[in-house]
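The values are calculated or read from the model by the stated rules, or taken from the named source; none is laboratory data. Remember, predicted model here, so these are calculated numbers, not experimental data. Glycine gets a Cβ as well: all are built from the backbone with ideal geometry, and neighbour counts include every protein chain shown. Note: accessible area is taken over every heavy atom of the protein model, side chains too, but ligands, DNA and RNA are not part of it. Shrake-Rupley method; radii C 1.70, N 1.55, O 1.52, S 1.80 Å.
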Amino acid sequence: MTRSDLVEELSNRFGQLTHRDAEFAVKAILDAMNDALVAGHRIEIRGFGSFSINRRPPRMGRNPRSGESVAIPEKRVPHFKPGKALRESVDQRTAEIEAGSSGLGKGPRS
């Protein structure tokens, strides 16, 4: 799902929201999440998951073309950890989809 898909889904699901209002709401939420992560805060959305910042320590890497060693500096990267409800929902729904399509076009093997 892309950002524009999310805006479209919001405007379809909530008739009182215009496309422009839905776009503004999505932008406001994503900006607030971005600002919180930049400030070093953790974001937790119950039933969905949590976003946090992970630190990647500096390390030595290799340039694949020349083979020479390259120093890779420390990085801070966003990390998403899905919540229990999301994990269970995804597992259940994908299992249902796989079960519904598992018998299509497959006969006994000889």
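What to note about this one:
- Å² of accessible area per residue within segment 39-95, as computed with a 1.4 Å probe and no ligands counted: 84 Å²
- For the chain, complete DSSP H runs whose alpha carbons reach 18 Å or more along their own long axis and whose mean Kyte-Doolittle score is -0.5 or higher are 19-38.
- Largest GNM mean-square fluctuation among LEU17, LEU86, LEU30, using the chain with Cα springs under 10 Å: LEU17.
- Helical contribution to [θ] at 222 nm, DSSP H n ≥ 4, -39,500 (n - 2.57), averaged over the chain, rounded to 500: -15000 deg cm²/dmol
- Trypsin sites (Lys or Arg not before Pro) restricted to segment 49-96 and DSSP loop, no more than 14 other C-beta within 10 Å: ARG65
- In this structure, ALA39 and LYS81 have a Cβ-Cβ separation that, at R0 = 22 Å, corresponds to a calculated FRET efficiency of about 0.70.
- Computed over the chain, the convex hull of the alpha-carbon atoms projects to a mean area of 14.1 nm².
- Were the residues from LEU30 through ASP91 laid out at 0.36 nm apart, the gain over their Cα-Cα distance would be 19.3 nm.
- Viscosity 1.567 mPa s, 4 °C: Kirkwood-radius Stokes-Einstein D of segment 35-99 over Cα pairs, µm²/s: 87 µm²/s
- Extension reserve of the ASN12-ARG56 stretch, reckoned as 0.36 nm per residue once the Cα distance is removed: 11.8 nm
- In segment 1-101, the chymotrypsin sites (Phe, Trp or Tyr not before Pro) that fall in loop regions by DSSP, at most 12 other Cβ within 10 Å: PHE14
- For the chain, the set of GluC sites (Glu not before Pro) satisfying both a DSSP loop assignment and a count of at most 15 other C-beta atoms within 10 Å is given as GLU68, GLU74.
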